[in-house]
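Participant: Before anything else, here's the structure in question.
The values are calculated or read from the model by the stated rules, or taken from the named source; none is laboratory data. Note that the coordinates shown come from a computational prediction; the quantities given were computed from them, not determined experimentally. In this analysis, Cβ positions are derived from the backbone assuming ideal geometry, glycine residues included, and neighbour counts consider all displayed protein chains.
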Amino acid sequence: MTQPPLIDAFGRRITYLRLSVTDRCDLRCQYCMEEQPTFLPKQDLLSYEELTAICDSFIARGVSKIRITGGEPLVRRDVLSLIEALGQRLGNHGLREICLTTNGTQLARYATRLADAGVRRINVSLDTLDEVMFQRLTRNGRLGDVLKGIDAAQKAGLQIKINAVALQGENEHQIEDLMVWAHGRGLDMSLIEVMPVGEIGVQRNSQFLSLKTVRARLEERFTLRDIALDTGGPSRYVQVAETGGRLGFISPLSHNFCETCNRVRVTCTGKLYMCLGKENSVDLRNTLRQGGPVALNARLDAAMQDKPERHEFDVNAGPAVSRSMARTGG
Ligand code: SAM
Ligand code: SF4
């Protein structure tokens, strides 16, 4: 890296970019989006060349990890060509890792190409192993598709972490089974607290389940030992003695982790969000189109000064931001 790193007004260095390549999805998870969401017009999406140019600017400023996300990233046409282009930047260019967050439904088709492109680790979101509950939570998804995708990804040699949102009155009593299943297959798992993001017509406090409660319940049956594993994300990990596996806790509400935040998000239309829980954004699309990489670079510096110190999520209030997780990129 020859250019100075991206450092925000609170001294936090930004090394991690989450890039949302589409806001569209083949599922409709109840905690993520409405049943009939309005998606962005396709003509507003940045081309893969533009998204790559934005990634290049971040890589030149010290971003070493890029996560491709969405919406469901694998439903955007020919997304592998973008991932393959980014794969060319691994190593020499300062980029150390390309990861993917996916719902897994399309993985059976893409796992091998992902591995060939240089992806090593993926997160697969899966909240339950109960077919009926899966169908209800995703509003008509098929659990079998995801399980086939996980099989294919393991066969392709991808390291998988299962991400599950803990949901009051839904999967809360299935978390143990999900963890035992994941660890039995050699997969890490992280639990996530539901966040009040997006106008999706639900009272968040009816969905929210504190991970403090989940941990206490798990500790009635399992021995959890805190470990200092740092995967560059917000999970705090424990080792589970009985399963031999690792379990992460992503607790944006019950344990705020903003002081170590190292990430920013770019949407498929080129909006740079410095915080998942705040409305302020910077339009990288016009900057890139009008001023090219030099203007983009200057814009990143200005944006860093705008990164808030922390989010202020409150499940008892309205949504912290109006855009859904699928729009910002989870
Ligand atoms: N479609 C892909 C998937 O589901 O993995 C990638 C995008 S999705 C928005 C990324 C992650 O955000 C998923 O693990 C999902 O469970 C999580 N998520 C969505 N809405 C959420 C919310 N309101 N609170 C917490 N996590 C949420
Ligand atoms: Fe789609 Fe992921 Fe949102 Fe579920 S969580 S609706 S899979 S974007």
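Participant: Within the group L211, L167, L178, which residue is within 10 Å of ligand 1 (Cβ to nearest atom) and touching a Leu at 6+ places or on another chain (Cβ under 8 Å)?
Facilitator: On the way: L211 fails: within 10 Å of ligand 1 (Cβ to nearest atom); L178 fails: within 10 Å of ligand 1 (Cβ to nearest atom).
Result: L167 is the single residue among L211, L167, L178 that is within 10 Å of ligand 1 (Cβ to nearest atom) and touching a Leu at 6+ places or on another chain (Cβ under 8 Å).
Participant: Here is a list of conditions, (1) at pLDDT 95 or above; (2) more than 22 Å from K161 (Cα to Cα); (3) over 18 Å from the mean Cα position of the chain (by Cα), and E34 meets all of them except one; can you say which number that is?
Facilitator: In the conditions (1) at pLDDT 95 or above; (2) more than 22 Å from K161 (Cα to Cα); (3) over 18 Å from the mean Cα position of the chain (by Cα), E34 misses (1) alone.
Participant: Hey, M274 hits all of (1) within 15 Å of ligand 1 (Cβ to nearest atom); (2) surrounded by 15 or more Cβ atoms within 10 Å (Cβ to Cβ); (3) within 19 Å of the chain's Cα centre (by Cα) but one; which does it fall short on?
Facilitator: Tallying (1) within 15 Å of ligand 1 (Cβ to nearest atom); (2) surrounded by 15 or more Cβ atoms within 10 Å (Cβ to Cβ); (3) within 19 Å of the chain's Cα centre (by Cα), M274 fails exactly one: (1).
Participant: Among the candidates R246, R204, R225, single out the residue that is buried (at least 20 other Cβ atoms within 10 Å of the Cβ) and away from ligand 2 (no atom under 16 Å from the Cβ).
Facilitator: On the way: R204 fails: away from ligand 2 (no atom under 16 Å from the Cβ); R225 fails: buried (at least 20 other Cβ atoms within 10 Å of the Cβ).
None of the others qualify; the one that does is R246.
Here is a yes/no grid of residues against (1) within 16 Å of ligand 1 (Cβ to nearest atom); (2) closer than 21 Å to D44 by Cα; (3) more than 21 Å from the chain's Cα centre (by Cα):
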site: L224; (1), (2), (3): no, no, yes
site: G233; (1), (2), (3): yes, no, no
site: V238; (1), (2), (3): no, no, no
site: F249; (1), (2), (3): yes, no, no
site: F257; (1), (2), (3): yes, no, no
site: G292; (1), (2), (3): no, yes, yes
site: V315; (1), (2), (3): yes, no, no
site: S322; (1), (2), (3): yes, yes, no
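Participant: For the range 83-134, give me the residue count where each residue is of a type outside the set (G, A, S), within 20 Å of R61 (Cβ to Cβ) and away from ligand 2 (no atom under 16 Å from the Cβ).
Facilitator: Residues of the range 83-134 that are of a type outside the set (G, A, S), as a first pass: 83-84, 86, 88-90, 92-93, 95-103, 105-107, 109-110, 112-114, 116, 119-124, 126-134.
Add one more test, that the residue is within 20 Å of R61 (Cβ to Cβ), and what stays is 86, 88-90, 92-93, 95-99.
When the remaining residues are screened for being away from ligand 2 (no atom under 16 Å from the Cβ), the result is 86, 88-90, 92-93, 95-98.
Residues meeting the conditions: 10.
Participant: Output the qualifying pairs, or none if there are none: Cβ atoms under 6 angstrom, residues six or more apart or on different chains, first residue in the range 260-274 and more than 18 Å from S235 (Cβ to Cβ), second residue surrounded by fewer than 21 Cβ atoms within 10 Å (Cβ to Cβ) and of a type in the set (D, E).
Facilitator: Sorted first by the residue in the range 260-274, then by its partner, the pairs are T269/D44; M274/D306.
Participant: Checking A111 against (1) small (G, A, S); (2) in contact with a Gly (Cβ under 6 Å, 6 or more places away or on another chain); (3) surrounded by 22 or more Cβ atoms within 10 Å (Cβ to Cβ); (4) assigned to a helix (DSSP H, G or I), which test does it fail?
Facilitator: In the conditions (1) small (G, A, S); (2) in contact with a Gly (Cβ under 6 Å, 6 or more places away or on another chain); (3) surrounded by 22 or more Cβ atoms within 10 Å (Cβ to Cβ); (4) assigned to a helix (DSSP H, G or I), A111 misses (2) alone.
Participant: Next up: If you take the residues in the range 229-272 that are of a type in the set (A, V, I, L, M) and at pLDDT 90 or above, which one is farthest from R67 (Cα to Cα)? It would help to see each step written out before you state the result.
Facilitator: We begin by selecting, within the range 229-272, every residue of a type in the set (A, V, I, L, M); these are 229, 238, 240-241, 247, 250, 253, 264, 266, 272.
Filter again for at pLDDT 90 or above, leaving 238, 240-241, 247, 250, 264, 266, 272.
Details: V238: 23, V240: 27, A241: 30, L247: 20, I250: 17, V264: 11, V266: 10, L272: 14 Å.
Out of the qualifying residues, it is A241.
Participant: Which numbered condition trips up F222, out of (1) of a type in the set (F, W, Y); (2) touching a Lys or Arg at 6+ places or on another chain (Cβ under 6 Å); (3) more than 18 Å from L276 (Cβ to Cβ)?
Facilitator: Every listed condition holds for F222 apart from (2).
Participant: R18 passes all but one of (1) within 16 Å of ligand 1 (Cβ to nearest atom); (2) in contact with a strand residue (DSSP E or B) (Cβ under 6 Å, 6 or more places away or on another chain); (3) part of a loop (DSSP other than H, G, I, E, B); which number fails?
Facilitator: Of (1) within 16 Å of ligand 1 (Cβ to nearest atom); (2) in contact with a strand residue (DSSP E or B) (Cβ under 6 Å, 6 or more places away or on another chain); (3) part of a loop (DSSP other than H, G, I, E, B), only one is false for R18: (3).
Participant: Okay, next question. Kindly provide the set of residues from the range 66-79 that are away from ligand 2 (no atom under 16 Å from the Cβ) and surrounded by 19 or more Cβ atoms within 10 Å (Cβ to Cβ), ordered by number. Talk me through it step by step, then tell me what you get.
Facilitator: Pass one, the range 66-79, residues away from ligand 2 (no atom under 16 Å from the Cβ): 66, 77-78.
Listed by number, the list holds a single entry, I66.
Here's the yes/no breakdown for (1) crowded, with 19+ Cβ neighbours inside 10 Å; (2) at pLDDT 95 or above; (3) within 19 Å of the chain's Cα centre (by Cα); (4) aromatic (F, W, Y):
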position	(1), (2), (3), (4)
I162	yes, yes, yes, no
M179	yes, yes, no, no
G186	no, yes, no, no
M189	yes, yes, yes, no
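Participant: Here is a further query. Taking the range 114-131 on its own, how many of its residues are more than 19 Å from the chain's Cα centre (by Cα) and in a loop (DSSP other than H, G, I, E, B)? I'd like the intermediate steps shown before the answer.
Facilitator: Residues of the range 114-131 that are more than 19 Å from the chain's Cα centre (by Cα), as a first pass: 116-117, 129-131.
If we keep only those that are in a loop (DSSP other than H, G, I, E, B) as well, we get 129-130.
The qualifying residues number 2.
Participant: Is it the case that I83 is within 16 Å of ligand 1 (Cβ to nearest atom), in a strand (DSSP E or B) and touching a Lys or Arg at 6+ places or on another chain (Cβ under 9 Å)?
Facilitator: no
Participant: Examine the range 165-186 for a residue that is part of a helix (DSSP H, G or I) and under 30 Å from A317 (Cβ atoms), and state whether such a residue exists.
Facilitator: Looking only at the range 165-186, we keep the residues that are part of a helix (DSSP H, G or I), and these are 175-184.
Those still in the list that are under 30 Å from A317 (Cβ atoms) too: 175, 178.
The answer is yes; a qualifying residue exists.
Participant: Where in the range 243-330 are there strands (runs of 3 or more DSSP E), lying fully within it, with 1 or more residues that are of a type outside the set (F, W, Y) and in contact with a Leu (Cβ under 6 Å, 6 or more places away or on another chain)?
Facilitator: On the way: elements: 246-250, 263-266, 271-273, 281-283.
Where strands (runs of 3 or more DSSP E) fall fully within the range 243-330 and carry at least 1 residues being of a type outside the set (F, W, Y) and in contact with a Leu (Cβ under 6 Å, 6 or more places away or on another chain), they are 263-266, 271-273, 281-283.
Participant: Ok, one more. With the structure loaded, tell me whether D283 is free of Cβ contacts under 8 Å to residues at least 24 places away in the same chain, touching a helix residue (DSSP H, G or I) at 6+ places or on another chain (Cβ under 9 Å) and charged (D, E, K, R) or whether it fails that test. I'd like the intermediate steps shown before the answer.
Facilitator: Details: free of Cβ contacts under 8 Å to residues at least 24 places away in the same chain: yes; touching a helix residue (DSSP H, G or I) at 6+ places or on another chain (Cβ under 9 Å): yes; charged (D, E, K, R): yes.
Criteria met by D283.
Participant: Can you tell which of M195, M189 is within 13 Å of ligand 1 (Cβ to nearest atom), within 26 Å of K65 (Cβ to Cβ) and in a loop (DSSP other than H, G, I, E, B)? Show your work before the answer.
Facilitator: Numbers: M189 fails: in a loop (DSSP other than H, G, I, E, B).
Criteria check complete, one pass: M195.
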